[in-house]
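The values are calculated or read from the model by the stated rules, or taken from the named source; none is laboratory data. This structure is a prediction, so every number in the text was calculated from the model and none was measured. Positions of Cβ are backbone-derived with ideal geometry, glycine not excepted, and every protein chain shown enters the neighbour counts.
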Amino acid sequence: MKIGIIGVGKMGFSIIQGITKKGLYTEDQIICYDHNKENNLRLKNSGYRIANNEIEVINKCEILILAIRPQNFKDLISKIKGLRNYPIIVSIAAGISLEYLSNSLGNEIKFIRVMPNTPLLISKGVSAISKNENVSTDEFTRVVQIFSSIGIVKEINESQMDDIIPANGSLPAFVYYFMKAFIESSVKRGIDYQLAKQLVAETIIGSAHMLLLSEKSIDELISDVCSPGGATIEGIKVFDKNKLKEVIDEAAIDCVKRAKELNQ
Ligand SMILES: NC(=O)c1ccc[n+]([C@@H]2O[C@H](COP(=O)([O-])OP(=O)(O)OC[C@H]3O[C@@H](n4cnc5c(N)ncnc54)[C@H](OP(=O)(O)O)[C@@H]3O)[C@@H](O)[C@H]2O)c1
């Protein structure tokens, strides 16, 4: 079996669905194990192989993806510790460091850490990745290929893996929150919900493309929308008066702080 995955909830299922949809691996090349009966039924119905336990997955795969919650690592490690051989182990858990994994399972094991995000379900994911020194360039390339098939991948220094979370892993939730606020505000003024949803979502897509493609700075792009004496600047003034940037910074700091606590 090429790929093994332990924990096939929201992220795990999105990853394997993404890579099979893209044709990188077929369903029968992926062996899965999840605690949850409903998740296993969904996997079985989708054609994936189901293992009886965590160790069976480890023994049967070349690349193992750990997509369990950080709080579940202690329990998993107690079950899989001390095996003779391990595949390349890829963890996507927030806060779980390469050092923690090496100290828990063995310094000689090949570990890769990835921070992905949910848009990988539609092949628009953004993943940050780093590896320990046991992983060869070829092995790293194979794992990068998996996440590249479902979005973009950026290699970063492992020391920044927690700091990056507000910029990709958690960001979809923050953006949805922002979008929801604008949709609800539009609805309050009598605009149809579906129309507001479409306008807000398309505008976010368009603005994101502008940021990536335009030669202008982000401040110039803001200023292009804020004609002096016009409507938009009044909204920006309210953001500034209520220190929205500081609120966002505080949210990001607390998000990173929690990720670091999860490694304890
Ligand atoms: N959600 C995101 O947007 C996002 C983004 C980036 C990274 N991540 C990371 O991705 C990981 C998974 O998040 P998620 O949102 O997909 O969580 P989730 O939906 O709760 O899925 C985790 C699954 O793993 C199962 N599980 C736990 N321990 C297991 C074990 N030993 N063997 C087999 N299955 C086990 C859980 O079953 P039970 O519920 O029965 O325990 C659950 O079904 C987390 O570490 C998170 O930090 C998530």
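Scanning the range 225-255 for residues that are assigned to a helix (DSSP H, G or I) and of a type in the set (S, T, N, Q) yields one hit, 232. What's the total number of residues in the range 14-43 that are basic (Lys, Arg) and under 22 Å from residue 76 (Cβ atoms)? Of the residues in that region, 2 qualify.
Residue by residue, here is whether (1) farther than 18 Å from residue 178 by Cβ; (2) not β-branched (Val, Ile, Thr) holds:
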residue: 207; (1), (2): no, yes
residue: 215; (1), (2): yes, yes
residue: 221; (1), (2): no, yes
residue: 232; (1), (2): no, no
residue: 239; (1), (2): no, yes
residue: 245; (1), (2): no, yes
residue: 249; (1), (2): no, yes
residue: 263; (1), (2): yes, yes
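Close Cβ contacts (under 8 Å, 6 or more residues apart or on different chains) running from residues in the range 183-198 that are at pLDDT 95 or above to residues that are surrounded by 11 or more Cβ atoms within 10 Å (Cβ to Cβ) and among the aromatic types (Phe, Trp, Tyr) comprise 183/193; 187/193; 196/182.
Residue count for the range 19-31 satisfying the condition of being out of contact with any Lys or Arg (no Cβ under 7 Å at 6 or more places or on another chain) and either among the basic types (Lys, Arg) or crowded, with 19+ Cβ neighbours inside 10 Å (or both): 4.
Taken as a whole, the range 177-196 holds no residue that is among the polar types (S, T, N, Q), within 16 Å of the ligand (Cβ to nearest atom) and more than 14 Å from residue 251 (Cβ to Cβ).
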